[in-house]
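Please treat every number below as a calculation from the coordinates, not as lab data. Quick caveat: nothing in here was measured; it's all calculated off a predicted structure. Every residue, glycine among them, receives a Cβ derived from its backbone with ideal geometry; neighbour counts consider all protein chains shown.
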Amino acid sequence: MAKHLERLLKNHINGQAVTPAHGQTRTNVNPADIADIIGEFPESGAADIDLAVDAASAALPAWREIGPIKRAVYLRNAARVIEGRAEEFAQAVTREQGKLLKEARGEVNRALAILEFTAGEDRRFNGVTTPAEDPNTHAFTFRSPIGVVGLVTPWNFPLAIPMWKVAPALLSGCTAVLKPSPFTPLSAALLTDAFAQAGLPEGVLNLVQGDREAGEQLVANPAVAGISFTGSLAIGTAIHTGGAHRLLRTQLELGGKNAVLVLDDADLDKATDAIIFGAFGQAGQRCSATSRVIVDRRVKDELLQRLVPRVAAMRVGPGSDPNADICPVVNEDRLNACLTAIEKAQAAGARVAIGGKRATEGLPEGYYVQPTVLRDVPWDSEIAQEEVFGPVLSVIDADDFDDAMRISNSVRYGMSGTIFTQDPSRIFQALNRFEAGMLHVNRPGVGAYAHLPHIGSKASQYGPAECSPEVFDFYTEWKSACISY
């Protein structure tokens, strides 16, 4: 990575490494060891965004004209580049985001799967032919790219989420400005570098590092036709309302407060495995992470007897430690948010079954939180309603299936819903009644496939799904044509 680092520490605009206009930078550190300085990355402003948008606008006509089959060649080339540099990418993700190296390698594979799926859509990028009411007339529909798009991505999946925006944007014929989270700039720089190495024409994909000012200018620039954003509800709402006056197209994947329902006939061993994976994988920093377990009172104690010792045995450590079970959270703000949420939960009546504090023993100075299980959590308390985004699991009692469904749907979010039961009737009732976009039965409530919609409901999603053929409904607009002959 060292030989690439100099150009990766700059913006990538019109095929060139570009220093931000004001020369300001932000220090990127390893959350597992804050003494490990990764580099000084650009803190870009409005002028840098405008420069990138101008480059994307200039590249748009030629990119749009070559068609999806030729555009897919660049996606396949990029996949080969990433395959050849897979370990470099995984090590970078672990170092700057903090996740376990095995999780980072899984993320690289996920990015490759997204590229494979998206490139494979090149020959299915079609509309429909319909009957015409008039004689000697041919009527049909087709897709057309919306233009320049802004892609605003989060820190929790710093490679996979940018990829599931970049790949369909490019295949659609859009040109793009990617603005990643300021906490994970290196992964996005490596992704952009891979596309450059794959021969992508200049200006088609531009990278601008930065925070709020850069994001706001993406929304404000009139040449940007759409913004695809993954992150918090507050920022997503600000993006949508900020562009509403000019009818800016938005695709927003927002928060989650995901529940696993454990009914009285559940396989408790399988449920325990799934809960641990869903709640504590990546330190709970996933939009679909299991943050609530809603369990029938009749099996609550049996479940906790399985769950608590397993969590107590988890080893907290750096993502580079092959013996670690749970990684740090991404920064100090997230650390403090987790600890504050635990304190408030206790004040509201919840009890700490295990964990509940900052982890420090035998660790470098970093942002480590003990994996935490809270029991006897009131269903309507703050921690049961609001996203924590950390390794903090709330266990909530339910009287029966109907009560569990009521509690599950009581939150404003609707990303993921999961149920453990052996009753086919309750399985299909739950699938109909969950107010969530991604549903699971007798399996972990996290994870998705590149060819299935990644989507939520309620306050978790606005606009078309990602990671599926439906994603092209964001990056393209339908046109209808009638030809008389």
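Hull volume per residue, based on the alpha-carbon atoms of the stretch 380-430 and their convex hull, is 98 Å³. Counting 0.36 nm for each residue step from ARG306 to VAL128 and taking away their Cα separation leaves a gain of 58.7 nm. Each of VAL329, LEU51, GLY98 was placed along the dipole of the chain (beta-carbon charges, centred on the mean Cα), and the one lying farthest toward the positive end is LEU51.
Over the chain, what lengths in whole Å, largest first, do the semi-axes of the equivalent ellipsoid take, defined as the square roots of 5 times the eigenvalues of the alpha-carbon gyration tensor?
Numbers: eigenvalues 298, 166, 71 Å².
After scaling each eigenvalue by five and taking roots: 39, 29, 19 Å.
When each of the peptides 202-210, 402-410, 424-432 is scored by the mean number of other C-beta atoms lying within 10 Å of its residues, the order from highest to lowest reads 202-210, 402-410, 424-432. Each Lys and Arg adds +1 at its Cβ and each Asp and Glu adds -1 at its Cβ; summed about the Cα centre, the chain shows a dipole of about 580 debye.
Between ARG298 and ILE483, the simple spin-label model (points 7 angstrom out along Cα→Cβ) gives 6.6 nm.
As a rough guide to protection, the peptides 239-247, 11-19 ranked by mean Cβ packing within 10 Å, highest first, stand as 11-19, 239-247. In a reduced charge model with +1 at each Lys and Arg Cβ and -1 at each Asp and Glu Cβ, the stretch 182-335 shows a dipole moment near 340 debye about its Cα centre.
Using mean Cβ contacts within 10 Å as the protection proxy, how do 124-137, 446-459, 224-237 order, highest first? Display every interim value, and only then the final one.
Numbers: 124-137: 10.6, 446-459: 18.9, 224-237: 20.9.
Going by the mean number of other Cβ atoms within 10 Å, highest first, we get 224-237, 446-459, 124-137.
Only beta bridges with both residues in the chain are counted; by DSSP, about 40 percent of them are antiparallel.
Can you compute the charge dipole magnitude of the stretch 258-449 about its Cα centre, using +1 on each Lys and Arg Cβ and -1 on each Asp and Glu Cβ, nothing else charged? Give it in debye, rounded to the nearest 20. Numbers along the way, then the final one.
Working: 20 positive and 27 negative charges, 47 e Å.
Charge dipole, the stretch 258-449, about its Cα centre: 220 debye, nearest 20.
For ASP211, the residues whose amide H sits under 5 Å from its own are SER44, ignoring neighbours fewer than 5 places away on the same chain, with H placed 1.01 Å from N. At an R0 of 41 angstrom, the distance between the Cβ atoms of ASP267 and ASP321 translates into a FRET efficiency of 0.85.
ARG443 versus ALA62, label points 7 Å from Cα toward the beta carbon: distance in nm? Label-label distance for ARG443 and ALA62, simple model: 4.4 nm. Candidate cross-link partners of LYS479 among the lysines, defined by an alpha-carbon separation under 22 Å and a same-chain spacing of 8 or more, comprise LYS70.
Mean sequence separation of contacting Cα pairs (under 8 Å, at least six apart), scaled by the length of the chain, corresponds to a relative contact order of 18 percent.
Our estimate of slack between THR340 and THR241, defined as 0.36 nm per intervening residue step minus the Cα-Cα distance, is 32.6 nm. Helix-only arithmetic for the chain: the sum of -39500 (n - 2.57) across DSSP H runs with n ≥ 4, divided by the residue total, places the mean residue ellipticity at 222 nm at -12500 deg cm²/dmol.
For the stretch 340-421, state the semi-axes of the equivalent ellipsoid (square roots of 5 times the eigenvalues of the alpha-carbon gyration tensor), sorted largest first and rounded to whole angstrom.
On the way: eigenvalues 139, 36, 28 Å².
Square roots of five times the eigenvalues give 26, 13, 12 Å.
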